[in-house]
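Participant: I have a structure here, written as structure tokens, and I will follow up with some questions on it.
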Amino acid sequence: MRFVNLLGVFGALAFALCLFACDDTVSSTDSSNLYGLDAIPGFNIKPYSSGNGETSSSGGSSSSFEESSASEESSSSVEEESSSSEESNSVSSEESSSSKRSSSSSEENSSSGESSSSLEDSSSSEESSSSEDSSSSSSEELSSSSISVQNPGTDVGTCGPEKDVVKKGGSVKWKFTKGPEIEATQLMKASFSWTFEGGSPATAEVTGTNGLNQAVTYTTSGDYSASLVISLGASTYNLTCSPVQVNGDPIEGCKCTTSAASVDYISTPDVTWSVTGCVSASDLSTYNWDGVDGGTTFTKSFNAPTASYAPVLKVGNTDNTVVDVTCTAVKVTDGSSYEIVATQNAGAIKLPAGTSTVALKVDAPNSSVFCLVAREDSPTGALDGSVNNVAINGSDYISVSMPARTLVNGATLEFYLDVPATCGVQ
């Protein structure tokens with residue numbers, strides 16, 4: 001019996017030691033291992049900590065142990081909740097800070113957005129204004145280009161007949177010649193509106209390059225004009241063409257001459273031209289000299305040297321015919337290089353090769369000019385030249401008759417000689 005009691009005591013001690021050892025093991029075991037032991041069948045051990053931090057080894061009350069464990073779990077739960085609450089508060093604080101930052105950022109973005117929006121609105125306003133200005137400018141340019149230009153000048157181009165004069169019943173081609181303002185490729189799409197006064201056809205509407213030329217027939221004599229309207233997109237140009245003269249009954253045989261080919265304006269300032277020999281089936285009606293209507297003669301006064309001058313003469317008849325007549329040109333000098341003061345050999349003077357101006361101080365009774373080659377200056381060769389555009393040529397001596405009015409006192413003679421010669425009047 002005593003032996004049995006000893007065994008009980010030793011068993012109790014062993015069990016206590018085992019509990020103590022197991023409690024140390026459990027106390028030193030982390031919660032993950034603890035949960036591992038708890039998972040073993042037969043073990044339902046949870047740590048219990050006393051108020052002074054020592055782990056109780058008493059196994060007397062399972063509920064006390066479990067309550068302590070529950071208290072620790074509760075404390076742990078409170079701590080975890082507190083930690084969680086702090087973390088939550090921290091997160092909330094961070095979220096609040098983030099929210100503030102976000103709000104600040106939002107405000108900044110909003111402000112920036114408003115500023116950007118304001119700038120965009122301003123930019124949009126400026127762009128709108130620029131667009132309106134551009135639109136206005138474009139509209140003004142379009143409006144300006146849409147306005148028809150009267151007689152725009154040679155930068156756009158010119159129009160006129162290929163021939164200034166045609167016969168009654170004949171045809172003339174009217175032509176547009178472009179200027180630098182128009183590109184050649186633009187003419188392919190241009191619209192041409194022609195109007196021909198007194199012509200057939202009277203009008204022509206053509207698109208493209210076929211509108212550049214138009215053939216027109218005239219059955220009535222007279223002076224006729226034409227006009228052309230060119231449309232290039234929004235631009236329109238109005239051109240007045242140069243006129244065409246349609247002649248009726250012809251005027252033929254007219255000659256316009258003067259008394260001398262060369263005059264000294266100091267001694268002979270006035271030069272007279274005359275027109276003779278005109279013949280026409282209709283009555284001769286007009287003589288226009290240098291743009292002024294006159295008669296069959298025309299006189300011009302000179303007060304300075306002139307290399308060459310001839311008046312422009314137009315003769316017309318009652319059938320609306322107008323012809324241009326070429327007049328003899330005159331050279332006007334400032335004094336004479338040479339003078340002939342007597343006839344025959346008494347007045348002969350030596351002239352060099354080339355052109356010389358000679359003033360007459362005497363009348364030539366026989367209306368002739370003579371020249372004798374000076375062989376000391378030209379041993380061989382025939383004389384070749386002219387006097388007042390009348391040819392003179394021969395061997396050593398030549399003589400040529402001239403119109404009486406050209407060999408009078410005060411007249412000027414112009415000699416051209418290929419070799420030196422002695423010349424005079426007789």
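The values are calculated or read from the model by the stated rules, or taken from the named source; none is laboratory data. This is a predicted model, so every value here is computed, not measured. Using ideal geometry, Cβ is built from the backbone for each residue, glycine included, and neighbour counts are taken over all protein chains shown. Note: areas computed on protein heavy atoms with side chains; ligands, DNA, RNA excluded. Shrake-Rupley method; radii C 1.70, N 1.55, O 1.52, S 1.80 Å.
Participant: Quick one: accessible surface of Val275, probe radius 1.4 Å, all protein chains present, in square angstrom to the nearest 10.
Facilitator: 10
Participant: Dipole size in debye (nearest 20) for region 228-311 around its Cα centre, Lys and Arg Cβ +1, Asp and Glu Cβ -1?
Facilitator: Around 180 debye, computed over region 228-311.
Participant: A further question follows. Straight-line reach from Lys167: which lysines have a Cα under 28 Å away, not including same-chain ones fewer than 8 places off?
Facilitator: Excluding near neighbours in sequence, the set is Lys175, Lys178, Lys255, Lys314.
Participant: Which order do Lys255, Lys178 take when ranked by solvent-accessible area (1.4 Å probe, heavy atoms of all protein chains), largest first?
Facilitator: Lys255, Lys178
Participant: So if I take the alpha carbon set of region 209-330, get Rg, then get Rh from the Kirkwood formula, what is the Rg over Rh ratio?
Facilitator: That ratio is 1.15, to two decimals.
Participant: Okay, moving on. Can you tell which of Asn409, Ile349, Gly335 lies farthest toward the positive end of the dipole of region 327-426, using +1 and -1 charges on the Cβ of basic and acidic side chains (Lys, Arg; Asp, Glu)?
Facilitator: It is Asn409, whose Cα lies furthest towards the positive end.
Participant: Related question: Sort Met402, Met188 by heavy-atom solvent-accessible area, probe 1.4 angstrom, most to least.
Facilitator: Met188, Met402
Participant: Rounded to the nearest 20 debye, what is the charge dipole size of region 242-358 about its Cα centre when +1 sits on each Lys and Arg Cβ and -1 on each Asp and Glu Cβ?
Facilitator: It works out to roughly 400 debye.
Participant: Hey, which lysines would be in cross-link range of Lys350, C-alpha to C-alpha under 24 Å, not counting anything within fewer than 8 residues on its own chain?
Facilitator: Lys331, Lys361
Participant: Over region 386-426, consider all pairs of different Cα atoms and compute the Kirkwood hydrodynamic radius from their mean reciprocal separation; express it in Å, one decimal.
Facilitator: That comes to 11.3 Å for region 386-426.
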